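Asks: One structure follows; several queries about it will come next.
The values are calculated or read from the model by the stated rules, or taken from the named source; none is laboratory data. Because the structure is predicted, anything quoted here is derived from the model rather than measured. Don't worry about glycine lacking a Cβ; one is built from the backbone with ideal geometry, like all the others, and counts go over all protein chains shown. These area figures cover heavy atoms from the full protein model, side chains too; ligands, DNA and RNA do not enter into them. Shrake-Rupley method; radii C 1.70, N 1.55, O 1.52, S 1.80 Å.
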Amino acid sequence: MGKRLRKPVKKDKDFADKIIKILSQSANKAFNYKQIAAKLELDDTQSRNQIIKDLKILAAQKKIVESEPGKYLIKAASKEYYEGKIDMTGRKTAYFVCPDLEEDIFIPTNNLNHALDKDVVKVYVYNRRKGRREEGEVIEVIERNKTDFVGVIDIQKNFAFVSTANPKMYTDIFIPKDKIGEAEQGDVVLVHIEDWPARADSPFGKVVKVLGKPGEHDTEIHAILAEYGLPAEFPIEVETYAQKIDTSITKEEIAKRRDMRDTLTFTIDPKDAKDFDDALSFKILENGHYEIGIHIADVSHYLEEGTILDDEAYQRATSVYLVDRVVPMLPEVLSNFACSLRPNEEKFTFSAVFEINEKAQVINQWFGRTVIYSDQRFAYDEAQYIIETKDNTIPVETSITGSSYKVSDNIVAATLKMDELAKILRRKRMNEGAISFDKVEVKFNLDQEGEPEGVYFKISKDANHLIEEFMLLANRKVAEYIGKQKKTFVYRIHDEPNEDKLIAMQTVISKFGYKIDFRNKGDISKSLNNLLAEVVGKKEQNLIDTLTIRSMSKAKYSTDNIGHYGLAFEYYTHFTSPIRRYPDVMVHRLLQFYLDGGKSADEETYETKCLHSSTMEGLATNAERDSIKYMQVKYMQNHQDEEFLGVISGVTEWGIYVEIIQNKCEGMVRIRDIKEDYYTFDEKQYALVGATSNNILQLGDEIFVKVKNADLVKKQLDFNFLRRNE
């Protein structure tokens, strides 16, 4: 990085924006030019003259009012001022998003006035000029979305700058010499913005933590966590507290619970799972019905409210699943041991036990605390083998133990019956309008150093659906049980899809010959299911799966139950994963409180906790996505000399996005790098068109590419266009 010669102070052409801000903050008070100059800490004649000039211009523009000679007020509060959020575009411009406005307002670079992405701001909206889009100006930053950023430090003689890889962070951060800390030139650092003086071009910050050298594996993973404010480790006092918890299975505690240790019980999880937070039990009743228990780790038994351990779990709100590691919500002594439903161990659980008939209808239900004994631990592949073959001998190639072994006939029979019932439950859900999201997940085979050796795809099969359906049943029935009592509860809600996004999606998928039926809500969900089924195994599957998910509203936690559109459930909650999700802990506590006869809990308290949990879930999802992008770039670094067949997954005015078919890695071919012709972007066709040849590059076209650049820090891939796949 070249040395910067500029200082972090700019020469103001005028003070109009600052005057507006000062007057807006004291809407009923009149100011003269001397008072405004004092507020801006300016005492030179040139600046004062400029303030006088700007006051007259603003008054002529009717943005302010001269209430008495030489004294000015902000124009009376009107619909021109709004509060909302900034949405940066990545091109140093932004849009202002406000629920009170019909459309988002464009904010040019010079009108941002120190606002950053997702900040809560007050904006002045200019009257629309004929033929021009509506524009706004940030008058005040009310609340910063974030003040901590990750970037690379460039140290000068008397100061430093930190530049971030985030395309929406349009400025670097100025670091005074005495706040550089232990950082060395070129280090990846976490910085905290302390101030942004009115006349400064860049915010002022300090180095909080040195993360390491760019491109190093641990540095980049820790940088991802730090970027989203997620912790990499537990505070020592929390670890110490957790180690002292009594995790023994005592007779006194067993006596308070329903004892289900003699009921056939097993777990089915990914082969590399370390925490098993759910188990299933199976028993045939005398009347021919089936008793199926969904047993969930009783985390709330160990996690007492008001302790430092509970405070830490609440702040984290979720475990974070990065490509090469899990950052758990709970310390290992609980997540991997005391609360993990490991085979051949007695465990305390919170259970939903159902009497179910042959038609998978729930005849009776029971909720409460239990003690169980897991007879068997299965990986999904092992359970899938039983479902497909009905064989009780797990072969070496499927076994997680490394050798073949026999499973009891009882477990085989239970697995097959539960699979049968799960399929009935799934069919019923789909018939009622649930959306079938079975998006292919990209996974990596890593060596001991965390280097990617290969890519594989995780696909849901019958064994996955078996677990999914019974977890959904427990979640739905717990929510229904409390919901019908009209008591405060934590729901997992999912609104109907955004019609504008579906219409935009229709434009894209029509290029592949698909369409969505918009006649009514039922037709939309049926149409989306048909679409998702139709694209399975096709080159455009990942693109259309992704577009469909993006068209959906985001699921979130709330005390206000509006139902779950994607699952087609009137009542739904998260009860089944308290080891990794704090809302499930809240659900367990509320359920037990109500089982004990408690009155409705305080709604406002729980709504605040729901909002926090949803926010943290979003940050964790972004971190997980970034870690996959990072690993994809790292994988492609080792394959720079190879040709890959890809499908065009996006078209923009600056180039085309290409997703490699064999590994789902996505990168960009910039328009200037397509040498066969001079291409321009045709917005109507959503395509690039060659000026001489009239050749078209559009969504879904297959082309061959080669890696041009793999940037680990920015997590970006650039491809060279080679040729079409004729």
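Asks: Are there any pairs, at least 6 apart or on different chains, whose C-beta atoms fall under 6 Å, with the first in the range 490-503 and without any contact (Cβ under 8 Å) to a residue 60 or more places away in the chain and the second open to solvent by less than 60 Å² (accessible area, probe 1.4 Å) and not in a loop (DSSP other than H, G, I, E, B), and if so, which?
Replies: Here the result reads K501/S551; L502/S551, each pair linking the range 490-503 to a residue that is open to solvent by less than 60 Å² (accessible area, probe 1.4 Å) and not in a loop (DSSP other than H, G, I, E, B).
Asks: I want to confirm something. Restricting to the range 148-189 and keeping residues that are of a type in the set (D, E) and out of contact with any Leu (no Cβ under 8 Å at 6 or more places or on another chain), which single residue is surrounded by the most Cβ atoms within 10 Å (Cβ to Cβ)?
Replies: Pass one, the range 148-189, residues of a type in the set (D, E): 148, 154, 172, 178, 182, 184, 187.
From the residues that got through so far, the ones that are out of contact with any Leu (no Cβ under 8 Å at 6 or more places or on another chain) too are 154, 172, 178, 182, 184.
Details: D154: 18, D172: 23, D178: 8, E182: 9, E184: 11.
Among residues in the range 148-189 that are of a type in the set (D, E) and out of contact with any Leu (no Cβ under 8 Å at 6 or more places or on another chain), the one surrounded by the most Cβ atoms within 10 Å (Cβ to Cβ) is D172.
Asks: Which of the residues that make up the range 258-315 are part of a helix (DSSP H, G or I), farther than 17 Å from F337 by Cβ and of a type in the set (A, V, I, L, M, F, W, C)?
Replies: The one that is part of a helix (DSSP H, G or I), farther than 17 Å from F337 by Cβ and of a type in the set (A, V, I, L, M, F, W, C): I308.
Asks: Could you check how many residues of the range 270-289 are open to solvent by 50 Å² or more (accessible area, probe 1.4 Å) and acidic (D, E)?
Replies: Within the range 270-289, residues that are open to solvent by 50 Å² or more (accessible area, probe 1.4 Å) and acidic (D, E) number 2.
Asks: Of the numbered conditions (1) at pLDDT below 95; (2) in contact with a helix residue (DSSP H, G or I) (Cβ under 8 Å, 6 or more places away or on another chain), K556 fails exactly one; give the number of that condition.
Replies: Result: K556 passes all but (1).
Asks: Could you count how many residues in the range 564-585 are part of a loop (DSSP other than H, G, I, E, B) and either modelled with pLDDT of 95 or more or open to solvent by 10 Å² or more (accessible area, probe 1.4 Å) (or both)?
Replies: Applying the first criterion (part of a loop (DSSP other than H, G, I, E, B)) to the range 564-585 yields 565-568, 570-580.
Still in the running and either modelled with pLDDT of 95 or more or open to solvent by 10 Å² or more (accessible area, probe 1.4 Å) (or both): 565, 567-568, 570-580.
Result for the range 564-585: 14.
Asks: Here are some residues: A434, A463, A479. Which one is farther than 12 Å from Y571 by Cβ, small (G, A, S) and either touching a strand residue (DSSP E or B) at 6+ places or on another chain (Cβ under 7 Å) or not in a loop (DSSP other than H, G, I, E, B) (or both)? Before the answer, list the steps.
Replies: Details: A434 fails: either touching a strand residue (DSSP E or B) at 6+ places or on another chain (Cβ under 7 Å) or not in a loop (DSSP other than H, G, I, E, B) (or both); A479 fails: farther than 12 Å from Y571 by Cβ.
None of the other options fit; the residue is A463.
Asks: K501 versus (1) modelled with pLDDT of 85 or more; (2) over 30 Å from S351 (Cα atoms); (3) of a type outside the set (G, A, S): which is the lone unmet condition?
Replies: (1)
Asks: Okay, moving on. Specify which of the listed residues (M631, M636, M668) is closer than 30 Å to R581 by Cβ, modelled with pLDDT of 90 or more and touching a strand residue (DSSP E or B) at 6+ places or on another chain (Cβ under 8 Å).
Replies: Numbers: M636 fails: closer than 30 Å to R581 by Cβ; M668 fails: closer than 30 Å to R581 by Cβ.
Going through M631, M636, M668 in turn, just one is closer than 30 Å to R581 by Cβ, modelled with pLDDT of 90 or more and touching a strand residue (DSSP E or B) at 6+ places or on another chain (Cβ under 8 Å): M631.
Asks: Residues in the range 568-619 that are among the basic types (K, R) and over 19 Å from E304 (Cα atoms): how many?
Replies: Within the range 568-619, the subset among the basic types (K, R) is 580-581, 589, 599, 609.
If we keep only those that are over 19 Å from E304 (Cα atoms) as well, we get 599.
Result for the range 568-619: 1.
Asks: I've got another one for you. List pairs: first in the range 566-577 and more than 17 Å from K554 (Cβ to Cβ), second buried (at least 21 other Cβ atoms within 10 Å of the Cβ) and polar (S, T, N, Q), Cβ under 7 Å, 6+ apart or cross-chain?
Replies: Short answer, once both residue conditions are applied: F575/N475; T576/N475.
Asks: Could you pull out the residue among H612, H588 that is open to solvent by less than 20 Å² (accessible area, probe 1.4 Å) and either outside any helix (DSSP H, G or I) or at negative phi (or both)? Give the derivation first.
Replies: Values: H612 fails: open to solvent by less than 20 Å² (accessible area, probe 1.4 Å).
The unique qualifying residue is H588.
Asks: Look at the range 170-214 and say how many of its residues are touching an Asp or Glu at 6+ places or on another chain (Cβ under 9 Å), of a type in the set (A, V, I, L, M) and under 30 Å from P108 (Cβ atoms).
Replies: 3
Asks: If D324 satisfies every condition in (1) surrounded by 18 or more Cβ atoms within 10 Å (Cβ to Cβ); (2) in contact with a Gly (Cβ under 7 Å, 6 or more places away or on another chain) but one, which is the exception?
Replies: Every condition holds for D324 apart from (1).
Asks: Within the bounds of the range 412-430, is there any residue that is open to solvent by 60 Å² or more (accessible area, probe 1.4 Å) and over 30 Å from L567 (Cα atoms)? Write out each step before concluding.
Replies: If we filter the range 412-430 for residues that are open to solvent by 60 Å² or more (accessible area, probe 1.4 Å), which is where we start, we get 420, 423, 427-428.
Filter once more, so that each one left must be over 30 Å from L567 (Cα atoms): none.
Scanning the range 412-430, I find no residue that is open to solvent by 60 Å² or more (accessible area, probe 1.4 Å) and over 30 Å from L567 (Cα atoms), so the answer is no.
Asks: Here's another thing I want to ask about it. Looking only at the range 670-685, count how many residues are farther than 21 Å from F512 by Cα and either open to solvent by 70 Å² or more (accessible area, probe 1.4 Å) or not in a helix (DSSP H, G or I) (or both). It would help to see each step written out before you state the result.
Replies: Within the range 670-685, the subset farther than 21 Å from F512 by Cα is 670-680.
Narrowing the set further to residues that are either open to solvent by 70 Å² or more (accessible area, probe 1.4 Å) or not in a helix (DSSP H, G or I) (or both) leaves 670, 672, 674-680.
Of the residues in that region, 9 qualify.
Asks: Please go through (1) open to solvent by less than 70 Å² (accessible area, probe 1.4 Å); (2) among the hydroxyl-bearing types (S, T, Y); (3) modelled with pLDDT under 90 for S693 and return the number of the only condition it doesn't satisfy.
Replies: Of the numbered conditions (1) open to solvent by less than 70 Å² (accessible area, probe 1.4 Å); (2) among the hydroxyl-bearing types (S, T, Y); (3) modelled with pLDDT under 90, the odd one out for S693 is (3).
Asks: Is at least one residue of the range 131-149 modelled with pLDDT of 95 or more, over 19 Å from Y82 (Cβ atoms), more than 32 Å from the chain's Cα centre (by Cα) and not charged (D, E, K, R)?
Replies: no
Asks: Do any residues in the range 257-277 that are closer than 13 Å to A379 by Cα have Cβ atoms under 7 Å from those of residues that are β-branched (V, I, T) and open to solvent by less than 50 Å² (accessible area, probe 1.4 Å), where the two are at least six apart or on different chains, and which pairs are they?
Replies: Final answer for the pair search is F266/I411; I268/I467; D275/I579; F276/T267.
Asks: Return only the number of the condition from (1) in a loop (DSSP other than H, G, I, E, B); (2) open to solvent by 50 Å² or more (accessible area, probe 1.4 Å) that V713 does not satisfy.
Replies: (2)
Asks: If D195 meets every condition in (1) free of Cβ contacts under 8 Å to residues at least 12 places away in the same chain; (2) out of contact with any Pro (no Cβ under 9 Å at 6 or more places or on another chain) apart from one, which number is that one?
Replies: (2)
Asks: Please indicate, with yes or no, whether at least one residue in the range 656-671 is under 30 Å from I493 (Cβ atoms) and among the hydrophobic types (A, V, I, L, M, F, W, C).
Replies: no
Asks: Still on this structure, please answer the following. Specify the residue that is farthest from A232 (Cα to Cα); the eligible residues are those in the range 303-314 that are in contact (Cβ under 8 Å) with a residue 60 or more places away in the chain and open to solvent by 50 Å² or more (accessible area, probe 1.4 Å). Lay out the reasoning, then the answer.
Replies: Looking only at the range 303-314, we keep the residues that are in contact (Cβ under 8 Å) with a residue 60 or more places away in the chain, and these are 303, 305, 307-309, 312-314.
Pick out the ones that are also open to solvent by 50 Å² or more (accessible area, probe 1.4 Å) and you get 305, 308.
Numbers: E305: 23, I308: 17 Å.
Residue satisfying both the conditions and the ranking: E305.
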